[in-house]
1. Going through segment 133-144 one residue at a time, which ones are modelled with pLDDT under 95 and open to solvent by less than 30 Å² (accessible area, probe 1.4 Å)?
2. Applying the selection to segment 13-34, what residues are in a helix (DSSP H, G or I) and either of a type in the set (Val, Ile, Thr) or more than 20 Å from Ser266 (Cα to Cα) (or both)?
3. Open to solvent by less than 30 Å² (accessible area, probe 1.4 Å), closer than 21 Å to Pro489 by Cα, acidic (Asp, Glu) and at pLDDT 95 or above - does that describe any residue in segment 5-12?
4. Scan Phe110, Phe117 and give me the residue that is in contact with an Asp or Glu (Cβ under 9 Å, 6 or more places away or on another chain), open to solvent by less than 40 Å² (accessible area, probe 1.4 Å) and not aliphatic (A, V, I, L, M).
5. Here are Ile179, Ile192, Ile217: which of them is open to solvent by 50 Å² or more (accessible area, probe 1.4 Å), of a type in the set (A, V, I, L, M, F, W, C), more than 30 Å from Lys309 (Cβ to Cβ) and at pLDDT 95 or above?
6. Identify, by number, the condition in (1) closer than 20 Å to Ser484 by Cβ; (2) surrounded by fewer than 17 Cβ atoms within 10 Å (Cβ to Cβ); (3) at pLDDT 90 or above that Asp265 doesn't meet.
7. For segment 285-305, what are the residues that are surrounded by fewer than 18 Cβ atoms within 10 Å (Cβ to Cβ) and of a type outside the set (Lys, Arg)?
8. Looking at Ile39 and the list (1) under 30 Å from Lys259 (Cα atoms); (2) in contact (Cβ under 8 Å) with a residue 24 or more places away in the chain; (3) in a helix (DSSP H, G or I); (4) open to solvent by 50 Å² or more (accessible area, probe 1.4 Å), which single condition is not satisfied?
Amino acid sequence: MSPFEHGEVFVLDDGGEVDLDLGNYERFLDIKLTRDNNITTGKIYQAVINKERRGDYLGKTVQVVPHITDEIQDWIERVAVIPVDGKEGPPDVCVIELGGTIGDIESMPFIEALGQFSYRVGPGNFCLVHVSLVPVINVVGEQKTKPTQHSVRGLRGLGLAPDVLACRSTEPLEEHVKIKLSQFCHVPISNIVNLHDVTNIWHIPLLLRDQKTHEAILKVLDLQYDGKVPREPELGMWTKRATKLDKLKTSVKIAMVGKYTGLSDSYLSVIKALLHASVAMERKLVVEWVPSCDLEDSSAKETPEAHKKAWKLLKGADGVLVPGGFGDRGVQGKILAAKYARENNVPYLGICLGMQIAVIEFARSVMKLRGANSTEFDPATTSPCVIFMPEGSKTQMGATMRLGSRRTYFHVSGCKSAKLYANASSVDERHRHRYEVNPDMVPDFERAGLQFVGKDESGKRMGIIELPSHKFFIGAQFHPEFKSRPGKPSPLFLGLIAAASGQLEPLLQRSNPTTKACPMSKVPKLKLYPTGPVNNPLNSLVNGYYPNGTGIHT
């Protein structure tokens, strides 16, 4: 998937490469999904073709209806009973997102399948929430219901009738607009939910609760607990976080150096992980988007204004983050960013390719290996710091990388990374890469001062690098952003924000109780939280409070 077209590729624990929407579900619900939770047209058609080749259909003509639609329903029923929250027993509710727009050719088999499904399972077992836009005509400021009326009519014509309307709008819906929608769409006013713009996205669950959306859905699904009114959702901590985010004043600037900076969804999980960490450290996140190409020397001649602006943004940042990526475009700019951070003691976090280019930059600048490079960018390099993985495929592009959750063991006691992970002996994080640091050159790097503090079980694959003499210079071959949650920020992102805001030492000392405590007079604006793992992200690290298998092994 091209990041320019689809946004980021989200990676699951089992190595599934999926749409960024599944990442949103994992973050908001704190669950762990699998590749089977992602249904695509290709998977459905492949399954049907495989059955036909085996003779399962006994020579019958294979058609979209019933074979494709039946396969979709079978897939949903099979996956729906598998728990994703770490608890035993089948779930009470399965959420199905049917993407696209009503009338799209691509979604037609799925709409037909769900139409059949709703009829087959019957009332009380199927609730359809239709999401629609209620635009405002700027000239008169009127909220228009026509788009929703037309989409509902189209939906009904395809065999599906909405039980709940979720209306997106810039401002809260006016009462007469709700009455009109109810009248023309045949949906009770109590089941018309307004999702208007809010100060931050964490307010959306609170908006849904305030409009009693949960009661409407439970009523349609006939899920009454012991015949009583459903209990209120437990959103106390969520409310505090949403309110806290609105009140943050002191900013922390992070320069995001990449080549997809024109589309922020390309780095959605990275942005969310930075946000989780900044809220935990009580800082207002400011992301400075720096196109890596604009940092390069060639840009100074071709687009001098863009070159000047990029360097100004980089030098004005409190921390530098170089995310993952593929291809050689903009790599030199990323190397220059890593060099600037290393030489000027600016906090740096490199993810995947960001770690690899930090290794290349160190080899060129410190070890004086001028030709140092990755074989991805220069196959004939005389100093191959980064090489192609032996089990990878150079001809088959899809799903041939090192994918999914892998364990990284800490090899240097007392390093910053281990402290951030609550002095764990190992950590499970998600990978997505084809190239890795050349293990043959590791001894040379370590003699020059670059530490490889995290490695795989064989000790030959490098997982985490650190510069011990630097304030905060860490690179990770894995993608820690995929496991970050609003209440449980990724430790490496937490470390970057803490270092960028002058709070790293207190954070590390709290994460390592054996370390002598820092005098409170020297703690820079670090709020003391009440005790208890849920309330305190720092206590969370100390106590190893990461339920549901988020990957810390003490």
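1. Correct list: Gln143 only.
2. So in segment 13-34, the residues in a helix (DSSP H, G or I) come out as 20-29.
Residue satisfying the conditions is Leu29 alone.
3. Pass one, segment 5-12, residues open to solvent by less than 30 Å² (accessible area, probe 1.4 Å): 7-12.
Filter again for closer than 21 Å to Pro489 by Cα, leaving 8-12.
Add one more test, that the residue is acidic (Asp, Glu), and what stays is 8.
Applying the additional criterion that residues be at pLDDT 95 or above yields none.
No, segment 5-12 contains no residue that is open to solvent by less than 30 Å² (accessible area, probe 1.4 Å), closer than 21 Å to Pro489 by Cα, acidic (Asp, Glu) and at pLDDT 95 or above.
4. Values: Phe110 fails: in contact with an Asp or Glu (Cβ under 9 Å, 6 or more places away or on another chain).
Answer to the check: Phe117.
5. On the way: Ile192 fails: open to solvent by 50 Å² or more (accessible area, probe 1.4 Å); Ile217 fails: at pLDDT 95 or above.
None of the others qualify; the one that does is Ile179.
6. (3)
7. Here is the first cut: in segment 285-305, the ones surrounded by fewer than 18 Cβ atoms within 10 Å (Cβ to Cβ) are 286, 289, 297-298, 300-305.
The answer is Val286, Trp289, Asp297, Ser298, Ala300, Glu302, Thr303, Pro304, Glu305.
8. (3)
The values are calculated or read from the model by the stated rules, or taken from the named source; none is laboratory data. In this text, all values refer to a predicted model and were calculated from it rather than measured experimentally. We place every Cβ from the backbone using ideal geometry, glycine too, and count neighbours over all the protein chains shown. Remember, those area values only see protein heavy atoms, side chains included, never the ligands or the DNA or RNA. Shrake-Rupley method; radii C 1.70, N 1.55, O 1.52, S 1.80 Å.
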